[in-house]
Amino acid sequence: MVSTEMPRDQLRGRETKQRVLEAAAAEFAEYGVAGARINRIAETAKASKERIYAWFGDKEALFDHVMQSGLDRLAHAVPIDADLVEYAVRLHNYFVNDPSLERVAMWAWLHDAATLGSFSEGRVEGYQHKLDVIADAQERGVVDASWKPEELLALLLSVASNWERAPAELRSIGCAEFADSEKARCDSVREAARRLVEPRS
């Protein structure tokens with residue numbers, strides 16, 4: 001009988017690779033791409049720099065891997081469908097429960113804006129799928145067709161992450177009760193998304 005058990009060295013390599021991705025995600029969330037250091041990632045993951053470079057390439061390539069992993073996880077946890085209002089609410093809840101992904105995404109938006117086209121095709125394909133879902137919903141008349149799909153998606157992403165990205169000053173001006181109320185925040189996201197998504201009469 002042929003054994004299907006993974007060789008010990010291969011298993012250790014997979015575990016180390018996962019630790020590197022987790023350490024890199026935390027590093028990029030804290031420092032962004034420019035401030036991140038492979039030395040710290042290697043130390044946290046208990047892996048050699050040489051192995052990290054062999055697996056992922058340079059720091060930019062490692063960041064792209066981290067983003068792809070995070071986007072894949074997000075797409076699985078919060079799949080998009082034609083109910084874009086509730087999609088925005090589910091996105092909001094996911095970001096609240098896993099703020100590290102949102103921080104990495106914000107660093108990516110800042111970093112990648114200056115280097116359009118340098119990221120992987122997989123990342124583009126993930127967003128293209130979302131745009132296709134929106135375009136289909138618009139064609140069926142269940143979503144306001146006056147927006148370009150990319151405009152609407154960008155606005156919904158902003159709505160979903162609005163409170164986490166709000167200025168600290170705004171949070172301090174009588175907003176503590178709102179910030180502590182999950183229902184209030186979800187209701188706010190739902191209403192803002194509804195106004196964007198519902199077809200105009």
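The values are calculated or read from the model by the stated rules, or taken from the named source; none is laboratory data. Keep in mind that what you see is a predicted model, and the values were worked out from it rather than measured. Heads up, the Cβs are rebuilt from the backbone with ideal geometry, glycines too, and the neighbour counts pull from every protein chain shown. Side chains are part of the model used for accessible areas, which takes the heavy atoms of the whole protein and leaves out ligands, DNA and RNA. Shrake-Rupley method; radii C 1.70, N 1.55, O 1.52, S 1.80 Å.
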Any residue at all in region 37-58 that is closer than 14 Å to V104 by Cα, at pLDDT below 95, under 23 Å from the mean Cα position of the chain (by Cα) and not polar (S, T, N, Q)?
no
Residue count, region 8-36, condition farther than 18 Å from H111 by Cβ and hydroxyl-bearing (S, T, Y), comes to 1
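Looking at region 71-88, can you tell me whether even one residue there is modelled with pLDDT of 90 or more and in contact with a Pro (Cβ under 9 Å, 6 or more places away or on another chain)?
Initially, region 71-88 is screened for residues modelled with pLDDT of 90 or more, giving 76-88.
Keeping just the survivors that are in contact with a Pro (Cβ under 9 Å, 6 or more places away or on another chain) gives 87.
Yes, some residue in region 71-88 is modelled with pLDDT of 90 or more and in contact with a Pro (Cβ under 9 Å, 6 or more places away or on another chain).
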Quick one: E125 ticks every box in (1) within 20 Å of H65 (Cβ to Cβ); (2) acidic (D, E); (3) not in a helix (DSSP H, G or I) bar one, so which box is it?
(3)
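Across region 59-70, which residue is modelled with the lowest pLDDT among those that are of a type in the set (A, V, I, L, M, F, W, C) and open to solvent by less than 20 Å² (accessible area, probe 1.4 Å)? Walk me through it before giving the result.
As a first pass, look at region 59-70 and keep what is of a type in the set (A, V, I, L, M, F, W, C): 61-63, 66-67.
Checking the rest, the ones that are also open to solvent by less than 20 Å² (accessible area, probe 1.4 Å) come to 62-63, 66-67.
Values: L62: 92, F63: 89, V66: 88, M67: 85.
Residue satisfying both the conditions and the ranking: M67.
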Matching residues in region 89-118 (modelled with pLDDT under 80 and either open to solvent by 10 Å² or more (accessible area, probe 1.4 Å) or over 15 Å from the mean Cα position of the chain (by Cα) (or both)) number 17
I'd like to verify a number: residues in region 134-175 that are under 18 Å from the mean Cα position of the chain (by Cα) and either part of a helix (DSSP H, G or I) or more than 22 Å from L71 (Cβ to Cβ) (or both), how many?
12
May I ask you to list the residues in region 136-147 that are in contact (Cβ under 8 Å) with a residue 12 or more places away in the chain and either open to solvent by less than 30 Å² (accessible area, probe 1.4 Å) or on the phi > 0 side of the Ramachandran plot (or both)?
A137, G141, V143, D144
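If a residue must be part of a helix (DSSP H, G or I), in contact with a helix residue (DSSP H, G or I) (Cβ under 7 Å, 6 or more places away or on another chain) and in contact (Cβ under 8 Å) with a residue 40 or more places away in the chain, how many such residues does region 73-86 contain? Full working, then the answer.
Kept after step one, since they are part of a helix (DSSP H, G or I), are these residues of region 73-86: 73-77, 84-86.
Cutting the leftovers down to in contact with a helix residue (DSSP H, G or I) (Cβ under 7 Å, 6 or more places away or on another chain) gives us 74-75, 77, 84-85.
If we keep only those that are in contact (Cβ under 8 Å) with a residue 40 or more places away in the chain as well, we get 75, 84-85.
Of the residues in that region, 3 qualify.
Checking the structure you have, find out if any residue of region 179-196 is under 26 Å from A34 (Cβ atoms), modelled with pLDDT under 85, open to solvent by 30 Å² or more (accessible area, probe 1.4 Å) and in a loop (DSSP other than H, G, I, E, B).
As a first pass, look at region 179-196 and keep what is under 26 Å from A34 (Cβ atoms): none.
No - not one qualifying residue is present in region 179-196.
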